[in-house]
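The values are calculated or read from the model by the stated rules, or taken from the named source; none is laboratory data. All figures in this text were calculated on a predicted structure; none of them were measured in a lab. Reconstructed Cβ throughout: ideal geometry from the backbone, glycine too, with neighbour counts over all protein chains shown.
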Amino acid sequence: MTTHAPQSAQTTPSVTLPVSLDEAVAALSAMPAAVPVAGGTDLMAAVNSGQLRPAALVGLGRISEIRGWQYQDGHALLGTTLTHARMGRPDFAALIPALAAAARAAGPPTIRNAGTLGGNIATADPAGDSLPVLAALEATLIIAGPGGARRELPVSHLLAGMEMLRAGELIGYVRVPLLHAPQVFLKATGRTGPGHSTASVCVVLDPARRGVRCAVGAVAPMPLRPLDAEGWVASLIDWDAERALAPEALTAFGEYVAAACIPDQAPDGTPHELPPAVLHLRRTVAVLARRALGRALS
């Protein structure tokens, strides 16, 4: 049953509180200007800064089906209103360690208790901690649409703007492969505020494919995958033995990743000198990538 909160003033948006995913989709379809909201951490920041004045809100907090997770064909199907605090707990960490680490690093307790996985994705803030993890894990989104429709969309396509949500659609679930292999998330915060990333790196080992996946967050509008660096370092690993690499190889990997994400040459190949702040950021990415791979291999 859908309930509606009263509208007390012209400036107060109407609020719809559906109790199922399909009811939420129906509400969004009926009110194209409505904004879905769960934890509201990003929404309230936008409202308070004057960047957003929603005419209507569709609250997702009463939809129990998207508050937890379930197993499905070697994947974890995560509800999009899972909070960072919930994902940071030990039982979830045993399932998807890198996503749990990102959730624990998402900010102070007030943010972790309210902020949700779906909000992180929908807002697509480059500094969103879950985004490079989802990119490295090659997660997909289950999109709910009108009339009970469901479609699947790679999270990287949404973040890159290759595909967009259609009118009346809502992100219902995130499907994450369960690799049962080492995965590490690290971030640097600098002086940008509690928990706010200046750079983040997720490294995931994929022994079944004898591959390494790496994604870098916060340095670009979307997470970056240095595919050449991934392929190069995977070829150096003895997947049938200890999977160890010499310190020189780890350092070279970090520099390879940093150069791919923050190049010191123009698109036409012309070298150019990076400003000090950008050069520092590039060094930070190199250190994070080196450490993350080293911890994953160890």
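Do we have GLY74 as in contact (Cβ under 8 Å) with a residue 40 or more places away in the chain, buried (at least 16 other Cβ atoms within 10 Å of the Cβ), closer than 26 Å to PHE92 by Cα and small (Gly, Ala, Ser) here?
For GLY74, the condition - in contact (Cβ under 8 Å) with a residue 40 or more places away in the chain, buried (at least 16 other Cβ atoms within 10 Å of the Cβ), closer than 26 Å to PHE92 by Cα and small (Gly, Ala, Ser) - is not met.
Would segment 281-295 turn up any residue that is in a helix (DSSP H, G or I), in the same structural domain as GLY217 (by TED's automatic domain parsing), touching an Asp or Glu at 6+ places or on another chain (Cβ under 7 Å) and small (Gly, Ala, Ser)?
The answer is yes, given that some residue of segment 281-295 is in a helix (DSSP H, G or I), in the same structural domain as GLY217 (by TED's automatic domain parsing), touching an Asp or Glu at 6+ places or on another chain (Cβ under 7 Å) and small (Gly, Ala, Ser).
Here is a list: ALA34, ALA56, ALA45. Which entry is over 22 Å from GLY148 (Cα atoms), in contact with a helix residue (DSSP H, G or I) (Cβ under 9 Å, 6 or more places away or on another chain) and either among the hydrophobic types (A, V, I, L, M, F, W, C) or exposed (fewer than 15 other Cβ atoms within 10 Å of the Cβ) (or both)?
The unique qualifying residue is ALA56.
Can you pull out every residue in segment 229-253 that is within 13 Å of CYS214 (Cβ to Cβ), surrounded by 13 or more Cβ atoms within 10 Å (Cβ to Cβ), out of contact with any helix residue (DSSP H, G or I) (no Cβ under 7 Å at 6 or more places or on another chain) and of a type in the set (Gly, Ala, Ser)?
Selection gives ALA234 alone.
Test ARG243 against the criterion of being within 30 Å of ILE111 (Cα to Cα) and outside the structural domain of ILE121 (by TED's automatic domain parsing), and give yes or no.
It is false that ARG243 is within 30 Å of ILE111 (Cα to Cα) and outside the structural domain of ILE121 (by TED's automatic domain parsing).
For segment 89-114, give me each residue that is touching a residue at least 24 places away in the same chain (Cβ under 8 Å) and under 16 Å from PHE185 (Cβ atoms).
Result: LEU95, ILE96, PRO97, ALA98, LEU99, ALA101, ALA102, ALA103, ALA105, ALA106, GLY107, ARG112.
Would you mind telling me which numbered condition in (1) of a type in the set (Phe, Trp, Tyr); (2) closer than 17 Å to LEU137 by Cα; (3) touching a Pro at 6+ places or on another chain (Cβ under 8 Å) TYR173 fails?
(3)
In segment 254-277, what residues are surrounded by 13 or more Cβ atoms within 10 Å (Cβ to Cβ) and either among the aliphatic types (A, V, I, L, M) or outside the structural domain of ALA218 (by TED's automatic domain parsing) (or both)?
VAL257, ALA258, ALA259, ALA260, ILE262, LEU274 - these are the residues of segment 254-277 that are surrounded by 13 or more Cβ atoms within 10 Å (Cβ to Cβ) and either among the aliphatic types (A, V, I, L, M) or outside the structural domain of ALA218 (by TED's automatic domain parsing) (or both).
It is to be established whether one or more residues within segment 189-204 are surrounded by 12 or more Cβ atoms within 10 Å (Cβ to Cβ) and more than 22 Å from the chain's Cα centre (by Cα).
No, the conditions are met nowhere in segment 189-204.
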